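The values are calculated or read from the model by the stated rules, or taken from the named source; none is laboratory data. Small disclaimer: the values here were computed from a predicted structure and weren't measured. A quick note on method: Cβ atoms are made from the backbone with ideal geometry, for glycine too, and the neighbour counts reach across all protein chains shown. When the accessible area is computed, the model is the full protein with side chains, heavy atoms only, and any ligands, DNA or RNA have been set aside. Shrake-Rupley method; radii C 1.70, N 1.55, O 1.52, S 1.80 Å.
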Amino acid sequence: MASWIDKVNNRVARTAFGRWFRLEGSGAKIERAGSKFSIELRAGLTTFIAMAYIISTNALILTDSGGTCDCDREKYGPTCDTDPAYSSCLQEIKLDMITATCAISCMACILMGSLANLPIALAPGMGLNAYFAYTVVGYHGTGKVSYRNALSAVCIEGLIFFVLSVVGLRQWFARLIPLSLKTATASGIGIYLAFIGLQSSAGIGLITGSSATLVELGGCPPGYRDENNVCTAHHMEGGPTWLGVLGLMLIGTMLLYRLKGAILIGIVIIAIISWPRPTAVTYFPYTPSGDQAFEFFKKVATFHPIKHTLAEYHWDLSSSDIWIALITFLYVDILDCTGTMFSMAKFGGYMDDRTQDFEGSSMAFLVDSASITVGSAFGSSPVTAFIESGAGIAEGGRTGITTIVTGIMFFIALFFAPIFASFPPWATGPALITVGSMMMTNVLQINWKYIGDGLPAFITIIMIPFGYSIGYGLIAGIGSFIFINSVVFFIYKISRGKIAPPNFDERDDWIGFVTRGGFKSNIPPWIMRLLGKKPAASIASPSTPSVEGETVEELKEISYER
């Protein structure tokens with residue numbers, strides 16, 4: 001069997017296909033060391049398994065925004081939870097979101113693999129979708145920006161990123177963000193996701209609201225919740241909550257043993273337990289919406305075309321809230337996607353330490369920005385790179401073939417919408433909590449020794465979940481960073497260096513990091529040639545990193561590093 005696989009690898013490598021993706025033995029000018037066709041296939045499947053939870057989780061979170069559904073809010077309340085017609089409409093929105101998530105992830109991954117030749121997968125971003133659904137649009141449309149207007153902001157963001165990527169500004173902008181705030185944002189989003197996973201709307205229902213203490217322990221059966229999902233009695237007696245806790249424990253145990261696909265396996269186990277109808281934890285209760293969902297579930301395999309969210313734009317930019325959302329999308333995406341791409345490039349051996357750029361970065365950023373715009377047309381929140389791509393890299397993925405295989409798997413998932421639509425929130429909630437814990441490992445990279453870096457980072461971390469807004473956390477962190485370090489800077493200059501904090505030398509070298517490599521190194525070579533200038537030195541051939549024992553969790557330690 002091994003010799004047969006080697007023969008296939010060698011034959012594929014010698015084809016034009018192998019030379020395009022620079023497989024080892026292809027004869028390409030710069031080959032990817034250690035890249036084999038069979039390994040790329042396995043790595044692509046591994047990446048899909050690691051991030052397949054995004055299909056149901058993203059659909060559930062975006063459905064909480066209410067989509068294009070509407071109701072009489074004076075009659076049924078601000079969230080319309082008691083309106084049967086509204087609940088039925090939300091079921092349709094959820095199916096639309098599953099199709100949209102699979103479609104845009106398929107397209108983005110295949111483009112990334114084909115054009116940028118990088119093993120970095122793209123999909124609607126966790127954190128960004130939460131900001132879109134719960135802060136910008138609000139739960140069931142209770143925010144200040146409508147769903148259609150928010151999609152317009154996402155579309156504009158993609159277009160702006162496309163222009164920035166063409167001229168090379170996106171890489172340079174990433175350097176302007178202080179390192180401590182980059183890391184803190186990831187950690188804050190992790191707590192934010194975990195908080196959402198603990199609630200009933202998109203999680204296990206362990207935490208509910210309280211008029212006295214803001215939040216309290218919940219976990220009651222659905223029949224003992226009021227119109228605001230607040231438990232009125234029988235706390236911690238709800239079967240779905242305990243089933244969600246079991247899912248969290250299962251995922252944690254499997255991750256402890258580094259079982260690949262642990263998050264997906266945990267989601268599937270809890271979902272299967274929730275599918276039988278005559279149980280206390282069923283996802284298909286004998287109600288009109290439950291009957292509708294169960295009828296669709298029994299189809300198993302079918303294709304659901306997007307009916308309510310396709311190109312549903314509303315181009316009203318007169319509100320200040322839409323501009324705040326747009327700026328936040330831009331800023332968070334610079335941190336999220338750019339930081340993930342750089343950390344994956346570093347792990348894969350494509351990073352140039354001098355310029356802090358990586359091989360194929362220009363095309364990767366172009367694909368990402370184009371995917372954001374196309375994704376908004378499908379009704380989705382911004383698309384971004386996924387840290388779970390490291391699972392495929394750890395399996396030996398070195399080329400874009402890995403990402404293409406991941407894209408093909410998302411295409412196959414398009415035709416199993418009834419299955420992916422039937423994952424209950426208490427099955428996906430543990431995934432949100434687990435991903436949040438993974439993102440919290442970034443806190444180890446914060447420079448806590450210097451208060452000018454540590455305090456703004458801490459403010460960013462706590463304000464994101466407590467303010468229930470990534471944007472508010474970012475504003476608080478940046479504002480405090482500017483104030484504290486500006487005061488220190490002016491005192492230092494006025495005193496000619498005589499008055500400075502005792503550990504002033506332990507601060508992050510922000511100026512040196514921003515200017516390292518020069519701006520010219522960020523401009524795509526084809527633009528430099530068009531301007532009659534000599535392109536910056538090309539990036540060296542990627543080395544083959546050691547991946548023995550590496551896991552996605554360990555990759556968090558290099559997230560957003562430089």
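One residue is enough: does segment 69-85 have a residue meeting the conditions in contact with a strand residue (DSSP E or B) (Cβ under 8 Å, 6 or more places away or on another chain) and of a type in the set (S, T, N, Q)?
First, the residues of segment 69-85 that are in contact with a strand residue (DSSP E or B) (Cβ under 8 Å, 6 or more places away or on another chain): none.
For segment 69-85, residues in contact with a strand residue (DSSP E or B) (Cβ under 8 Å, 6 or more places away or on another chain) and of a type in the set (S, T, N, Q): absent.
Considering segment 476-501 alone, what residues qualify as being of a type in the set (Val, Ile, Thr) and touching a residue at least 12 places away in the same chain (Cβ under 8 Å)? Please lay out each step first, then the result.
Taking segment 476-501 as the starting set, the residues that turn out to be of a type in the set (Val, Ile, Thr) are 478, 482, 484, 487-488, 491, 494, 499.
Selection gives 478, 484, 488.
Go through segment 181-217 and give me each residue that's of a type outside the set (A, V, I, L, M, F, W, C) and in a helix (DSSP H, G or I).
The first filter runs over segment 181-217 and keeps only residues of a type outside the set (A, V, I, L, M, F, W, C), leaving 182-183, 185, 187-188, 190, 192, 197, 199-201, 203, 205, 208-211, 213, 216.
Of everything in segment 181-217, those that are of a type outside the set (A, V, I, L, M, F, W, C) and in a helix (DSSP H, G or I) turn out to be 182, 183, 185, 187, 188, 190, 192, 197.
Just one of (1) in a loop (DSSP other than H, G, I, E, B); (2) touching a strand residue (DSSP E or B) at 6+ places or on another chain (Cβ under 9 Å) trips up residue 145, so point out which.
Single failed check for residue 145: (2).
Residue check: is residue 328 at pLDDT below 85 and either within 23 Å of the chain's Cα centre (by Cα) or among the hydrophobic types (A, V, I, L, M, F, W, C) (or both)?
So residue 328 passes the test.
What number of residues in segment 145-184 are closer than 30 Å to residue 480 by Cα and β-branched (Val, Ile, Thr)? Outline the logic, then answer.
Applying the first criterion (closer than 30 Å to residue 480 by Cα) to segment 145-184 yields 145, 150, 153-154, 156-158, 160-161, 164-165, 168-184.
In the following step, the residues that additionally are β-branched (Val, Ile, Thr) were identified as 145, 154, 156, 160, 177, 183.
Within segment 145-184, residues that are closer than 30 Å to residue 480 by Cα and β-branched (Val, Ile, Thr) number 6.
Is there any pair with a first residue in segment 136-152 that is among the aromatic types (Phe, Trp, Tyr) and a second that is buried (at least 20 other Cβ atoms within 10 Å of the Cβ) whose Cβ atoms are under 6 Å apart and which are 6 or more apart or on different chains, and what are they?
139/64; 147/65; 147/67; 147/137
Condition test on residue 475, is it surrounded by 12 or more Cβ atoms within 10 Å (Cβ to Cβ) and either modelled with pLDDT of 90 or more or within 28 Å of the chain's Cα centre (by Cα) (or both)? Steps first, please.
Numbers: surrounded by 12 or more Cβ atoms within 10 Å (Cβ to Cβ): yes; either modelled with pLDDT of 90 or more or within 28 Å of the chain's Cα centre (by Cα) (or both): yes.
Yes: the conditions hold for residue 475.
Can you list residue pairs whose Cβ atoms sit under 9 Å apart, with the first residue in segment 368-392 being open to solvent by less than 10 Å² (accessible area, probe 1.4 Å) and the second being part of a loop (DSSP other than H, G, I, E, B) and of a type in the set (D, E, K, R)? Count only pairs 6 or more apart in sequence or on different chains.
379/312; 390/550
Do any helices (runs of 4 or more DSSP H) lying entirely in segment 1-110 carry at least 3 residues that are under 30 Å from residue 142 (Cα atoms), and which ones are they? Step through it out loud before you land on a result.
Values: elements: 2-13, 16-20, 37-51, 53-63, 73-76.
In segment 1-110, 53-63, 73-76 are the helices (runs of 4 or more DSSP H) which contain 3 or more residues that are under 30 Å from residue 142 (Cα atoms).
Go through (1) small (Gly, Ala, Ser); (2) under 30 Å from residue 413 (Cα atoms); (3) surrounded by fewer than 20 Cβ atoms within 10 Å (Cβ to Cβ) one by one and return the number of the condition residue 43 breaks.
So the condition that residue 43 fails would be (3).
Evaluate the following for residue 266: is it without any contact (Cβ under 8 Å) to a residue 40 or more places away in the chain, under 27 Å from residue 102 (Cα atoms) and either part of a loop (DSSP other than H, G, I, E, B) or open to solvent by less than 30 Å² (accessible area, probe 1.4 Å) (or both)?
No: the conditions fail for residue 266.
Looking for something of a type in the set (Val, Ile, Thr) and free of Cβ contacts under 8 Å to residues at least 60 places away in the same chain - is there at least one such residue anywhere in segment 404-420?
First, the residues of segment 404-420 that are of a type in the set (Val, Ile, Thr): 404-406, 408, 412, 419.
In the following step, the residues that additionally are free of Cβ contacts under 8 Å to residues at least 60 places away in the same chain were identified as 412.
Yes, because at least one residue in segment 404-420 is of a type in the set (Val, Ile, Thr) and free of Cβ contacts under 8 Å to residues at least 60 places away in the same chain.
Which members of segment 435-463 meet the condition of being closer than 28 Å to residue 263 by Cα and either at pLDDT 85 or above or open to solvent by 30 Å² or more (accessible area, probe 1.4 Å) (or both)?
So the first thing to find is which residues in segment 435-463 are closer than 28 Å to residue 263 by Cα, and the list is 435-446, 460-463.
Hits for segment 435-463 are 437, 440, 441, 443, 444, 445, 446, 460, 461, 462, 463.
Can you work out which of the residues in segment 276-314 that are assigned to a helix (DSSP H, G or I) and open to solvent by 50 Å² or more (accessible area, probe 1.4 Å) is nearest to residue 67 (Cα to Cα)? Working first, answer last.
So in segment 276-314, the residues assigned to a helix (DSSP H, G or I) come out as 288-297.
The next check asks that each one be open to solvent by 50 Å² or more (accessible area, probe 1.4 Å); those that pass are 288, 291-292, 295.
Numbers: 288: 20, 291: 22, 292: 19, 295: 22 Å.
In this case the residue turns out to be 292.
In segment 176-206, what residues are open to solvent by 10 Å² or more (accessible area, probe 1.4 Å), over 20 Å from residue 139 (Cα atoms) and of a type in the set (A, V, I, L, M)?
Those that are open to solvent by 10 Å² or more (accessible area, probe 1.4 Å), over 20 Å from residue 139 (Cα atoms) and of a type in the set (A, V, I, L, M): 176, 177, 179.
Considering segment 492-528 alone, what residues qualify as being in a loop (DSSP other than H, G, I, E, B) and either at pLDDT 70 or above or more than 30 Å from residue 166 (Cβ to Cβ) (or both)?
Initial filter on segment 492-528 (in a loop (DSSP other than H, G, I, E, B)): 495-503, 507-509, 516-518, 523-524.
Scanning segment 492-528 gives 495, 496, 497, 498, 499, 500, 501, 502, 503, 507, 508, 509.
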